[in-house]
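Colleague: One structure coming up, written as structure tokens, with questions to follow.
The values are calculated or read from the model by the stated rules, or taken from the named source; none is laboratory data. These numbers come from a predicted model, not from an experiment. Just so you know, the surface numbers come from the protein's heavy atoms only, side chains and all, with ligands and any DNA or RNA stripped out. Shrake-Rupley method; radii C 1.70, N 1.55, O 1.52, S 1.80 Å.
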Amino acid sequence: MKPDDTAIALDKLMVTVRTRLGLAFEGELAAVSSFNQVGPFDVLPEHSNFVTMIAKKLTLHRADGKDEEINVDKGVMMVEKNRVTVFIGIGTL
């Protein structure tokens, strides 16, 4: 079974955050938040699939209620089937 085929709990997101230096975060989260051209937005489990440029910050919302913020100058976020992949340090907004 390929990694993309593994089951993900419907109430969580599998999130991967990469920078030019490598892997910054990988794991399950309750939600993620960031900013795009329209303004602030949240990604929750079962969010519709989409791709967006992000800026300002990326907030990782853990299931235990703790949040972690990552500063983002520019980046790309892809959401598909409860998987969120973020590439920080690429693209323009």
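Colleague: Could you do me a favour and compute the accessible area per residue for region 26-93, 1.4 Å probe, result in Å²?
Modeller: I get 57 Å² per residue for this part.
Colleague: Largest first, how would Val76, Val86, Val51, Val38 line up by accessible area (1.4 Å probe)?
Modeller: Output order, biggest surface exposure first: Val38, Val51, Val76, Val86.
Colleague: Does region 34-85 come out rounded, prolate or oblate, given a ≥ b ≥ c as the square roots of the eigenvalues of its C-alpha gyration tensor, rounded meaning a/c under 1.5 and, failing that, prolate meaning a/b above b/c?
Modeller: The shape class here is oblate.
Colleague: Quick one: with all protein chains in place, what share of the accessible area of the chain is carbon or sulfur, to the nearest percent (1.4 Å probe)?
Modeller: Answer for the chain is 52 percent, counting heavy atoms of protein chains only.
Colleague: Related question: May I ask you to rank Ser33, Ser48 by accessible area, largest first, using a 1.4 Å probe over the protein chains only?
Modeller: Of Ser33, Ser48, the descending order of accessible area is Ser48, Ser33.
Colleague: Report Glu28's accessible area, 1.4 Å probe, all protein chains in place, as a number in Å² to the nearest 10.
Modeller: For Glu28, the solvent-accessible surface is approximately 100 Å².
Colleague: Further, regarding this structure: Arrange the residues Leu21, Leu44, Leu10 by how much accessible surface each exposes, largest first, with a 1.4 angstrom probe.
Modeller: Ranking Leu21, Leu44, Leu10 by accessible area, largest first, yields Leu21, Leu10, Leu44.
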